[in-house]
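Some notes on the structure that comes next.
The values are calculated or read from the model by the stated rules, or taken from the named source; none is laboratory data. Quick caveat, the model's predicted, so the values are computed rather than measured. Positions of Cβ are generated from backbone atoms using ideal geometry, with glycine treated the same way; all protein chains shown enter the neighbour counts.
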Amino acid sequence: MKYFVTVQATQADYEAMEGTESPGPPRWSREELLAMVNFMGELNNELAASGELLDAQGFTAPAEARFVTASPGTEPVITDRPYAAADVQPAGYWLLECVDLDRVTEIAARITQCPTPPGSPEHPVVIRPIGEAPAP
């Protein structure tokens, strides 16, 4: 079965990772950022070696998102919607093929162990099973 696994972050989290001081999440040092990158790289390598990794990507900061909305028959409205620093958004994903929900849950639990600076917020790792379209 395929699963879409996402990690969550806020705009303030991205700014903290870039070294910006704020009243929210603690500022990341270069060493802390490298520890996160190395952790994720090792995890991705292991998942690729096991054949479970189909894709994995990180997203840019929420402030770089664009929204396109419309009702049927109307012109689309495109906005660069500003985010509050506390709005939690997907920060990256893994597309995995695992034997069952228990296995992907083990992987998500491991993701929660990614090193972060002391005092960093704890955002959930979200698992979404990917359904199959009904046969035509």
Subject >> Residues located in region 11-32, provided they are assigned to a loop (DSSP other than H, G, I, E, B) and either of a type in the set (Ser, Thr, Tyr) or within 30 Å of Val99 (Cβ to Cβ) (or both) >> reply: Thr20, Ser22, Ser29
Original post:
Which condition number in (1) in contact (Cβ under 8 Å) with a residue 12 or more places away in the chain; (2) more than 23 Å from His123 (Cα to Cα); (3) of a type in the set (Ser, Thr, Tyr) is the one that Ser22 fails?
Top reply: (2)
**OP:** Name the single residue, out of those in region 76-115 being of a type in the set (D, E, K, R) and modelled with pLDDT of 95 or more, that is nearest to Glu32 (Cα to Cα).
**Re:** Arg110
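Table: residues versus (1) assigned to a strand (DSSP E or B); (2) over 27 Å from Gly19 (Cα atoms); (3) in contact with a helix residue (DSSP H, G or I) (Cβ under 6 Å, 6 or more places away or on another chain); (4) in contact (Cβ under 8 Å) with a residue 40 or more places away in the chain.
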position	(1), (2), (3), (4)
Leu34	no, no, no, no
Val37	no, no, no, no
Ala49	no, yes, no, no
Asp55	yes, yes, no, yes
Val68	yes, yes, no, no
Ala91	yes, no, no, yes
Trp94	yes, no, no, yes
Subject >> Answer from Glu75, Glu42, Glu31 - the residue that is surrounded by fewer than 15 Cβ atoms within 10 Å (Cβ to Cβ) and within 18 Å of the chain's Cα centre (by Cα) >> reply: Glu42
Original post:
Out of curiosity, is Ser50 of a type outside the set (D, E, K, R), within 21 Å of Gln113 (Cβ to Cβ) and either at pLDDT below 95 or surrounded by 11 or more Cβ atoms within 10 Å (Cβ to Cβ) (or both)?
Top reply: yes
**OP:** Could you please let me know if Tyr14 is surrounded by 15 or more Cβ atoms within 10 Å (Cβ to Cβ) and in contact with a Leu (Cβ under 9 Å, 6 or more places away or on another chain)?
**Re:** no
Subject >> Selected residue [touching a Leu at 6+ places or on another chain (Cβ under 8 Å) and β-branched (Val, Ile, Thr)] from Val68, Val5, Val37 >> reply: Val5
